[in-house]
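Here the structure is laid out as structure tokens; the discussion comes afterwards.
The values are calculated or read from the model by the stated rules, or taken from the named source; none is laboratory data. Since the structure is predicted, the reported quantities are computational estimates derived from the model, not experimental observations. Here the Cβ positions follow ideal geometry from the backbone for every residue, glycine too, while neighbour counts run over all protein chains shown.
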Amino acid sequence: MQHNKNYDLIIFDCDGTLADSEMAHNTVLVERLHSLGLMHYTVEMCMEKYMGRAISDIMESIEKEYSVRFPSNDKEISQARYRELLPHHIRLDDTTRSLLQRLKQQGQKMAVGSNGTRDNVLETIKAAGFDEFFPDDFIFTFEMVKNPKPAPDLYLHVCEAMHTNPQNAVVLEDTVAGATAGIAANIDTIGYIGLSHKENQAERLSMIGCKQIIQTMGELDQILYSQSVAA
């Protein structure tokens, strides 16, 4: 069944949606965990266990589980290392730039809502070449709210800041945690699997209530131009 929907605002997740920077993020995390003596962690393990979660939640979870403590300057060390690795690991959907160009030409209001740190998200958007589409004021990160994804706080904050009713917005997400946040905010949420590292991700996203699943960003055209999403 289809119903008409006119979206005033499109909110894109960053990591894994606008750009795949997960390899860089998780390589940095593994290096930091190894420095704490947690040598059993691998990049693949971190992706499976922590993808989509805010780094503050990840660090808190690890510190509680292993009775360890990250150094006070860990954020600075991690961000410097991330900037170093990102150009070698970033991966893009070939259809994303053309989609963003069309949306910009049409005057579509767009924003980014990410569980990444602001410095890293800005670095990722710049490395992807998408900074022309997302001014700094339209980029929102978990530091701006009390509870990161999967809580709805961030997406509700984006809608408020962009002067948009959540029912008139749509979210693009690649992870269960992120999609859960969009759905909890009562925002139409579309699952995107074009850059996913996980098998059966489409099934996971469908099961939690994503309206549709797309494999390329170019497919978003059909949803927006027809102004309809499967109910």
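Which one is nearest to Phe142 (Cα to Cα) among residues in segment 53-86 that are surrounded by 15 or more Cβ atoms within 10 Å (Cβ to Cβ) and of a type in the set (Asp, Glu)? Filtering segment 53-86 for residues that are surrounded by 15 or more Cβ atoms within 10 Å (Cβ to Cβ) and of a type in the set (Asp, Glu), the one nearest to Phe142 (Cα to Cα) comes out as Asp57.
Look at Asn120 and say whether it is touching a residue at least 12 places away in the same chain (Cβ under 8 Å), closer than 30 Å to Asn186 by Cβ and not aliphatic (A, V, I, L, M). Spelling it out, Asn120 is indeed touching a residue at least 12 places away in the same chain (Cβ under 8 Å), closer than 30 Å to Asn186 by Cβ and not aliphatic (A, V, I, L, M). Against the list (1) touching a Gly at 6+ places or on another chain (Cβ under 9 Å); (2) at pLDDT 90 or above, the condition Ile62 fails is (1).
Residue count for segment 44-57 under the criterion of being at pLDDT 90 or above and under 14 Å from the mean Cα position of the chain (by Cα): the result is 0. Among the residues of this structure, Glu219 does not count as one that is of a type in the set (D, E, K, R) and outside any helix (DSSP H, G or I). Checking the structure you have, find out if any residue of segment 48-69 is in contact with a Ser or Thr (Cβ under 7 Å, 6 or more places away or on another chain), part of a loop (DSSP other than H, G, I, E, B) and more than 20 Å from Ser196 (Cβ to Cβ). Within segment 48-69, none of the residues are in contact with a Ser or Thr (Cβ under 7 Å, 6 or more places away or on another chain), part of a loop (DSSP other than H, G, I, E, B) and more than 20 Å from Ser196 (Cβ to Cβ).
Within segment 1-16, the residues that satisfy the criterion of being touching a Gly at 6+ places or on another chain (Cβ under 8 Å), at pLDDT 95 or above and part of a strand (DSSP E or B) are Ile11, Phe12. Checked against (1) polar (S, T, N, Q); (2) over 28 Å from Leu29 (Cβ atoms); (3) assigned to a strand (DSSP E or B), Thr189 passes all but a single condition, namely (2). Every listed requirement among (1) at pLDDT below 95; (2) closer than 19 Å to Leu195 by Cα; (3) part of a helix (DSSP H, G or I) is met by Arg81 save one, (2).
The residues in segment 17-43 that are in a helix (DSSP H, G or I), surrounded by fewer than 19 Cβ atoms within 10 Å (Cβ to Cβ) and either hydroxyl-bearing (Ser, Thr, Tyr) or at pLDDT below 90 (or both) can be counted, and the count is 3.
Does Ile183 meet the test of being crowded, with 18+ Cβ neighbours inside 10 Å, under 20 Å from Lys104 (Cα atoms), touching a strand residue (DSSP E or B) at 6+ places or on another chain (Cβ under 7 Å) and without any contact (Cβ under 8 Å) to a residue 40 or more places away in the chain?
So Ile183 fails the test.
Of the set (1) modelled with pLDDT under 90; (2) under 21 Å from Phe140 (Cβ atoms), all apply to Val112 but (1).
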